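The values are calculated or read from the model by the stated rules, or taken from the named source; none is laboratory data. This is a predicted model, so every value here is computed, not measured. For neighbour counting, all protein chains shown are included, and Cβ atoms are generated from backbone atoms with ideal geometry for every residue, glycine included.
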Amino acid sequence: MQSRIQQAAREFVLRQYGVEASVVVNRPPRVEMGDLALPLAMELARKLRRPPRQIAEEVAAALRSVAGVAKADVAGAGYVNLFLDRAAYAAQLGAPLEAGASATTAAGGKLIVEHTNINPNKAAHIGHLRNAALGDTFVRLLRARGHTVEVQNYIDNTGVQVADVVVGFLYLEQKKEEDVARLAQDPAARFDYYCWDLYARVTRFLAEDSARLELRNRTLQEIEEGHTLAARVAEIVSTAIVRRHLATMLRLNVRYDLLPRESEILHLRFWDQAFELLQEKRAIYLETEGKNKGCWVMRQTEGNREQGIGNSAEEEDGGQDTKVIVRSNGTVTYVGKDIAYQLWKFGLLGKNFFYRPFETYPDGRTVWVSSSEPGSGSPPAFGQGQKVYNVIDVRQSYLQKIVAAGLRALGYTEQADRSIHFSYEMVALSPRCCDEMGIELSAEERQRPFIEVSGRKGLGIKADDLLDRLLEEAYKEVLSRHSDQPDDFRRRIAQQIAIGALRYFLLRYTCNTIIAFDFHEALSFEGETGPYVQYAVVRARNIFRKLEEEGGRFDENAVTPAVLERFLAAPEGDAFWELLYQASQWDAVAELAIATTEPAAVAKYAFQLAQGFNNFYHRFRILTEQDEARKMFLLWLVKRVEDRLTTTLDLLGIEVPEAM
């Protein structure tokens, strides 16, 4: 409806005044002022040098003929306020939505969303959960709007972090390859937890003697070369921990299509191909002096300078106009391999991975992993994306600019423009949360608003520990309310509440906000939380359950256009219309979240709609309503809101429990 009005306004302005106009649509502050407000006349007044109210009168007259517009008034300095035909609008909301489905298929080719990307050297922590929740929700939004989406989780199995754990096993603990393999396969060992502690110990071990850093460098080279002891141990470590990561993320309702591994980017010569292209285009050069002597570095260009590349404090070369792509010892930096990976995502490399099945999810879907040799099965056609979203925290912004600059230097300007860095701020811990998880804090740290997570220091909450603690707290609440129910029922409800609480907490904040996680705030049944929204849906469903128990029946066909006209008419129907209109904003909110890469808009919408429904629930009688037509209308309205709330929660990756 909004698009139709905007299009009609654009066409009128072009026809009447001969100018192109951007038509912004706002919501008036009060329902009696209208449903949509266009400040178009104020913008045109400056261009046309005419009074805005005069222009507004002409625009309003033109929009009165748009189907679905009941009235168009002019208000204030020149706002065009539109009143919609409530009954006709409501009739369009009659069909229930299917959660996560769209009536149309979006144009533009396949979209690739890369998210999670945890270094496979230790257990996932709470910061990784924010990445996964944001990425997964964004994928759900895109798919709900009809886009074809491929979900990738990049596995950096040849990087420094994996090398450090290999150093820990081979040199600090003096373990043999078979010892590491046995430990990785022992469920009781919690291998990802074991490596969490080992990684912190190795960090201290390397810091104690700078000469030990040569162990890391040599191990890193051996891993990149492959077919060495270090490479075999790295394969054992990374594969076992990726399996743990997938299990952790599945608890959060997060799934992937493909696990591209860094080792194949090296072994299948993806990087060699990209390196040749970069040399051929003179995008990189060999440094012959200074601290980067012997390194291949990215050449500074005017285009790079415009992107803020080459003069950042984040550069490793002390402020020179360069960025290291290949180190002097021949190993490739993260950004170098990522340029090759980004080229492959767009189908620009002329090479492809081999693939093999890695795991099968409970719903039967397969997650594939890249391989350097042909595998079994029939994998989908991966890569060849039209647009790529990289969900990576804001601290990697500079490196993401370097990747885009690499594409531009190779002449792939359009693909660089379609490389979207979906950035977000870190997740920290509240001091109260640290106390509850047994993390010791100094007096100074207790005064801080949040405590930053550090994997190298071993400071932080492991994702599974957090989920277990949330589940435990949710179970206590469910037990207090449903002590008469079977335990499996209570545990299922507790799990849905715990996951809903966590996902909502991670999604409710805008991406540029640092989150200080707190158990009490996340699990609250009041305020802007996941359980609050879940409870609104359960409350709506309970109305129909109770109706059925009392022998009643909801007749959808009884809510005719005449009934809608009667009960939505102003002013008596204003409260119903406001709730219905709010429920109808699902599509607009989804589009806004996609355009701005801000899933928080969807979380905010879910809370506001739940809040609107709860106010409606307390204000109006439904099951005890004596007027049968009004009762059917109220039930119809409840059904519309319940449907939209359920769909919105599905977009957020949150299930609705049977009871609360």
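Here is the figure for the stretch 1-50: residues that are surrounded by fewer than 19 Cβ atoms within 10 Å (Cβ to Cβ) and either touching a residue at least 24 places away in the same chain (Cβ under 8 Å) or in contact with an Asp or Glu (Cβ under 6 Å, 6 or more places away or on another chain) (or both) total 15. Here are the criteria: (1) out of contact with any Asp or Glu (no Cβ under 7 Å at 6 or more places or on another chain); (2) closer than 19 Å to Tyr509 by Cβ; (3) touching a residue at least 60 places away in the same chain (Cβ under 8 Å). Tell me which single one His421 does not satisfy. In the conditions (1) out of contact with any Asp or Glu (no Cβ under 7 Å at 6 or more places or on another chain); (2) closer than 19 Å to Tyr509 by Cβ; (3) touching a residue at least 60 places away in the same chain (Cβ under 8 Å), His421 misses (3) alone.
No other residue among Ala606, Ala595, Ala590 is surrounded by fewer than 21 Cβ atoms within 10 Å (Cβ to Cβ), in a helix (DSSP H, G or I), aliphatic (A, V, I, L, M) and not assigned by TED's automatic domain parsing to the domain that holds Arg481 apart from Ala595.
So in the stretch 351-366, with the set limited to residues that are part of a loop (DSSP other than H, G, I, E, B) and in contact with a Leu (Cβ under 9 Å, 6 or more places away or on another chain), which one is surrounded by the fewest Cβ atoms within 10 Å (Cβ to Cβ)?
Result: Pro362.
Looking at the stretch 493-576, the helices (runs of 4 or more DSSP H) lying wholly inside it that each contain 2 or more residues that are within 22 Å of the chain's Cα centre (by Cα) and touching a residue at least 40 places away in the same chain (Cβ under 8 Å) sit at 519-523, 530-549.
Would you be able to say whether some residue in the stretch 97-106 is modelled with pLDDT of 95 or more and either outside the structural domain of Ala516 (by TED's automatic domain parsing) or not basic (Lys, Arg) (or both)?
Scanning the stretch 97-106 turns up no residue that is modelled with pLDDT of 95 or more and either outside the structural domain of Ala516 (by TED's automatic domain parsing) or not basic (Lys, Arg) (or both).
Residues Ala516, Ala569, Ala583: which one is in the same structural domain as Phe633 (by TED's automatic domain parsing), out of contact with any Gly (no Cβ under 9 Å at 6 or more places or on another chain) and of a type in the set (A, V, I, L, M)?
Being in the same structural domain as Phe633 (by TED's automatic domain parsing), out of contact with any Gly (no Cβ under 9 Å at 6 or more places or on another chain) and of a type in the set (A, V, I, L, M) holds for just one of Ala516, Ala569, Ala583, which is Ala569.
Does Ile126 satisfy the condition of being within 28 Å of Ile514 (Cα to Cα), of a type in the set (A, V, I, L, M) and modelled with pLDDT under 95? Considered against the rule, which asks whether it is within 28 Å of Ile514 (Cα to Cα), of a type in the set (A, V, I, L, M) and modelled with pLDDT under 95, Ile126 comes out as yes. So which residues in the stretch 1-45 are in contact with a helix residue (DSSP H, G or I) (Cβ under 7 Å, 6 or more places away or on another chain), over 22 Å from Ala90 (Cβ atoms) and among the acidic types (Asp, Glu), if there are any at all? Hit for the stretch 1-45 is Glu20, nothing else.
Is the stretch 173-189 home to any residue that is within 24 Å of Glu114 (Cα to Cα) and either assigned by TED's automatic domain parsing to the domain that holds Ala231 or not charged (D, E, K, R) (or both)? Within the stretch 173-189, not a single residue is within 24 Å of Glu114 (Cα to Cα) and either assigned by TED's automatic domain parsing to the domain that holds Ala231 or not charged (D, E, K, R) (or both).
Would the stretch 613-622 turn up any residue that is assigned to a helix (DSSP H, G or I), in contact with a Leu (Cβ under 8 Å, 6 or more places away or on another chain) and not assigned by TED's automatic domain parsing to the domain that holds Tyr389?
Initially, the stretch 613-622 is screened for residues assigned to a helix (DSSP H, G or I), giving 613-619.
Within this subset, residues satisfying the condition of being in contact with a Leu (Cβ under 8 Å, 6 or more places away or on another chain) are 613, 616.
Among the residues that remain, those that are also not assigned by TED's automatic domain parsing to the domain that holds Tyr389 are: 613, 616.
Yes, because at least one residue in the stretch 613-622 is assigned to a helix (DSSP H, G or I), in contact with a Leu (Cβ under 8 Å, 6 or more places away or on another chain) and not assigned by TED's automatic domain parsing to the domain that holds Tyr389.
Assessment of the stretch 593-615 against the conditions (charged (D, E, K, R) and either more than 26 Å from the chain's Cα centre (by Cα) or over 20 Å from Glu528 (Cα atoms) (or both)) yields no matching residue.
Among the residues of the stretch 199-234, those that are surrounded by 15 or more Cβ atoms within 10 Å (Cβ to Cβ), touching a residue at least 40 places away in the same chain (Cβ under 8 Å) and of a type in the set (A, V, I, L, M) comprise Ala200, Leu206, Leu215, Leu220, Ile223, Ala230, Val233, Ala234.
Annotation: Asp487 fulfils all but one of (1) of a type outside the set (Val, Ile, Thr); (2) over 15 Å from Glu658 (Cα atoms); (3) surrounded by fewer than 20 Cβ atoms within 10 Å (Cβ to Cβ); the unmet one is (2). Taking the stretch 144-168, which residues are farther than 30 Å from Val602 by Cβ, at pLDDT 95 or above and among the hydrophobic types (A, V, I, L, M, F, W, C)? Listed by number, the residues that qualify are Val162, Ala163, Val165, Val166, Val167.
No other residue among Arg243, Arg282 is surrounded by fewer than 17 Cβ atoms within 10 Å (Cβ to Cβ), out of contact with any Phe, Trp or Tyr (no Cβ under 6 Å at 6 or more places or on another chain), at pLDDT 95 or above and of a type outside the set (A, V, I, L, M) apart from Arg243. Helices (runs of 4 or more DSSP H) fully within the stretch 109-220 that include at least 3 residues being over 23 Å from Val388 (Cβ atoms): 160-167, 177-185, 191-208.
Take the conditions in contact with a helix residue (DSSP H, G or I) (Cβ under 6 Å, 6 or more places away or on another chain), surrounded by 15 or more Cβ atoms within 10 Å (Cβ to Cβ) and modelled with pLDDT of 95 or more and apply them to Ala601. Does it pass? Yes: the conditions hold for Ala601.
For Glu58, the conditions (1) closer than 24 Å to Trp577 by Cβ; (2) surrounded by 15 or more Cβ atoms within 10 Å (Cβ to Cβ); (3) of a type in the set (D, E, K, R) all hold with the exception of (1). With the requirement that a residue be touching a Ser or Thr at 6+ places or on another chain (Cβ under 6 Å) and assigned to a loop (DSSP other than H, G, I, E, B), what does the stretch 266-292 give you? Once the filter is applied, which keeps residues that are touching a Ser or Thr at 6+ places or on another chain (Cβ under 6 Å) and assigned to a loop (DSSP other than H, G, I, E, B), the stretch 266-292 yields only Leu268.
Evaluation of Asp484 against the conditions (1) modelled with pLDDT of 90 or more; (2) farther than 16 Å from Gly127 by Cα; (3) part of a helix (DSSP H, G or I) shows that the sole unmet condition is (3). Filtering the stretch 409-419 to residues that are assigned to a helix (DSSP H, G or I), within 17 Å of Gly347 (Cβ to Cβ) and out of contact with any Leu (no Cβ under 6 Å at 6 or more places or on another chain) leaves Thr413, Glu414, Asp417. Of all residue pairs spaced 6 or more apart or on separate chains, those with beta-carbon atoms under 6 Å, a first member in the stretch 364-388 that is outside the structural domain of Gly226 (by TED's automatic domain parsing) and a second member that is surrounded by 19 or more Cβ atoms within 10 Å (Cβ to Cβ) and of a type in the set (Asp, Glu) are Ser370/Glu264; Ser372/Glu264.
Of all residues in the stretch 609-630, which are of a type in the set (S, T, N, Q) and loosely packed, with under 15 Cβ neighbours inside 10 Å? Give the steps one after another, and end with the answer.
At the first step, the residues of the stretch 609-630 found to be of a type in the set (S, T, N, Q) are 611, 614-615, 624, 626.
Across the stretch 609-630, the qualifying residues are Asn615, Thr624, Gln626.
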